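Everything below concerns the one structure shown next.
The values are calculated or read from the model by the stated rules, or taken from the named source; none is laboratory data. Note that the structure is a prediction, hence the values are computed from the model and not measured. Positions of Cβ are generated from backbone atoms using ideal geometry, with glycine treated the same way; all protein chains shown enter the neighbour counts.
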Amino acid sequence: MNSLIIDTATSNLYVGLYGKEKREFLEKGKNHAQVLMKKIDEVLNGIKIEDLDEIIVGVGPGSYTGVRVGVVVAKMFAWTKNITLKKVSSLFIQCSGYEGIRSVSIDARRGNAFCAIYDSDDSLILDEALRPNNEFTKAGLDITENEYKPNMEKIIEKAEVVKDVHSLVPNYLRKTEAERNKLHED
C-alpha cells in the first residue's frame, strides 16, 4: 500500500511517502505553491502517481492560501487518477510524532491561534478552534509550528476517507480577511 501525505497549512511544507519505501520532506518556508509539485516528485522518486493507493491531505486549519494549495493538488490527483482521497487535521499532522497529552497550536495572527488538545490515544480533549492566545489552556506538551513532527503511521490511521472528492473543503475555522472586511462595510 502506497500512501502520499501532503500538508501545506502552516509555514512547514510536508510531503511523505509511506509504503514499501518511506520518504519524507519537511521544510519551513512560504512558497508552498511554487515548490509543492517538485517536492512531491522528489518524494515519489520514480513511483508513478497511478501507483498510489491513497492520498492523504491536511485540511487545516492554517494559512488560508496554504491550506488551499495542498487540498487542490490532492483533489486533482485523486480525481484525475481515481485514487482514494483521505483527509486529516493539519493540527494532528503537526503533533502526531509526539506521545502523551499534547496541546498543539498554529499562529493565526492578531493574538489568536488555531489550537486543540490531543490525548495520549490521539483523541481530542479540546476540539479544534480559533482562540485568543491568552484563552488557550495548554496541557502536556505544548507543540507549535516550530516543533512540527509528523508520524506517517499515525496520520494514516487517523485519516478519514473523502467520499466525494469534489465536496472536500478546507477547515478554515474563520472567514478570510476579505470576508471580514466585507462584513465591516455592510
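Selection of the stretch 44-70 for residues being of a type in the set (Ser, Thr, Tyr) and part of a helix (DSSP H, G or I) yields Tyr64, Thr65.
One residue is enough: does the stretch 67-87 have a residue meeting the conditions farther than 16 Å from His166 by Cα and not polar (S, T, N, Q)? The answer is no, given that none of the residues of the stretch 67-87 is farther than 16 Å from His166 by Cα and not polar (S, T, N, Q).
Looking at the stretch 113-153, which of the residues that are part of a strand (DSSP E or B) and in contact (Cβ under 8 Å) with a residue 60 or more places away in the chain is nearest to the chain's Cα centre (by Cα)?
Glu128
Scanning the stretch 7-43 for residues that are polar (S, T, N, Q), in contact with a Phe, Trp or Tyr (Cβ under 6 Å, 6 or more places away or on another chain) and part of a helix (DSSP H, G or I) returns no hits.
Only residues that are part of a helix (DSSP H, G or I) and hydroxyl-bearing (Ser, Thr, Tyr) were counted across the stretch 71-104, and they come to 2.
Looking only at residues in the stretch 69-125 that are out of contact with any Leu (no Cβ under 8 Å at 6 or more places or on another chain), modelled with pLDDT of 95 or more and of a type in the set (D, E, K, R), the one that is surrounded by the most Cβ atoms within 10 Å (Cβ to Cβ) is Lys86. Evaluate the following for Val35: is it of a type in the set (A, V, I, L, M, F, W, C), farther than 21 Å from Asn151 by Cα and out of contact with any helix residue (DSSP H, G or I) (no Cβ under 9 Å at 6 or more places or on another chain)? Yes; evaluated as a whole, the condition is true for this residue. A Cβ distance below 8 Å, combined with a sequence gap of six or more or placement on separate chains, defines the contacts here; from the stretch 59-77, residues that are free of Cβ contacts under 8 Å to residues at least 12 places away in the same chain and under 11 Å from Thr8 (Cα atoms) reach no residue that is buried (at least 24 other Cβ atoms within 10 Å of the Cβ) and aliphatic (A, V, I, L, M).
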